[in-house]
Amino acid sequence: MPRSLLVTTLLVTLVTGSGLLAYRSVTSPGVEIVIPTSTAVKSITVAVVGAVAKPGLYTLGAGQRVQDALTAAGGATAEADPSRLNFAAQLRDGQQVRLPRQGEPLPVPTEDGRINLNAASAEILATLPGIGVVRAQRIVAHRQQEGPFGHVDDLVELRLLPAAVLDQVRDRLFVQ
């Protein structure tokens with residue numbers, strides 16, 4: 001009988017221990033893991049320039065539209081050409097909103113900040129890092145003499161830009 005007593009004792013001990021462990025895991029608070037439900041941006045800052053009453057930087061609520069930025073900048077001036085701007089476009093942090101003046105040459109960078117290499121002025125190209133005024137003028141002169149570029153990489157192949165400079169600005173340019 002000592003063997004059956006030993007087995008019974010072991011079984012009782014196992015069942016009792018398991019029950020205690022189960023009870024403790026249900027009643028003890030343990031560690032609570034909290035996962036944020038929202039990482040939404042609450043405000044954005046945009047630059048409003050061009051034919052507006054008060055050009056400058058404005059902090060607006062996330063999800064606001066170009067119209068809201070123009071209102072914050074005091075509205076359009078008399079020389080503004082509002083037909084060339086999408087007032088319904090949603091703003092994003094760091095965006096520049098330019099309200100063009102009547103007769104002002106376009107294009108300015110697109111809403112996503114990219115520049116059409118086949119339409120940009122030397123002044124716009126010169127704003128890109130590593131390009132400057134002289135390189136920008138050479139790019140525009142080449143385009144006027146030889147016609148539009150087929151690819152952004154043409155700038156290196158035609159020796160208008162060093163490869164290192166193109167690598168810096170490639171994501172800001174496109175060809176259309």
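The numbers here are math on the coordinates, done by the rules we state, and not lab data. Note that the structure is predicted; figures quoted are calculated from it, not measured. Cβ: placed from backbone, ideal geometry, glycine included. Neighbour counts: every protein chain shown.
The residue that is surrounded by the fewest Cβ atoms within 10 Å (Cβ to Cβ), counting only those in the stretch 149-168 that are in contact with a Leu (Cβ under 8 Å, 6 or more places away or on another chain) and not in a helix (DSSP H, G or I), is ASP153. One residue alone among ARG84, ARG92 is closer than 26 Å to SER43 by Cβ and under 24 Å from the mean Cα position of the chain (by Cα), and that residue is ARG92.
When you scan the stretch 116-128, do you find a residue that is in a helix (DSSP H, G or I), within 23 Å of the chain's Cα centre (by Cα) and either surrounded by 13 or more Cβ atoms within 10 Å (Cβ to Cβ) or not charged (D, E, K, R) (or both), even just one? Within the stretch 116-128, one or more residues are in a helix (DSSP H, G or I), within 23 Å of the chain's Cα centre (by Cα) and either surrounded by 13 or more Cβ atoms within 10 Å (Cβ to Cβ) or not charged (D, E, K, R) (or both). So, in the stretch 39-61, of the ones that are in a loop (DSSP other than H, G, I, E, B) and touching an Asp or Glu at 6+ places or on another chain (Cβ under 8 Å), which residue ends up surrounded by the fewest Cβ atoms within 10 Å (Cβ to Cβ)? Here the answer is VAL41.
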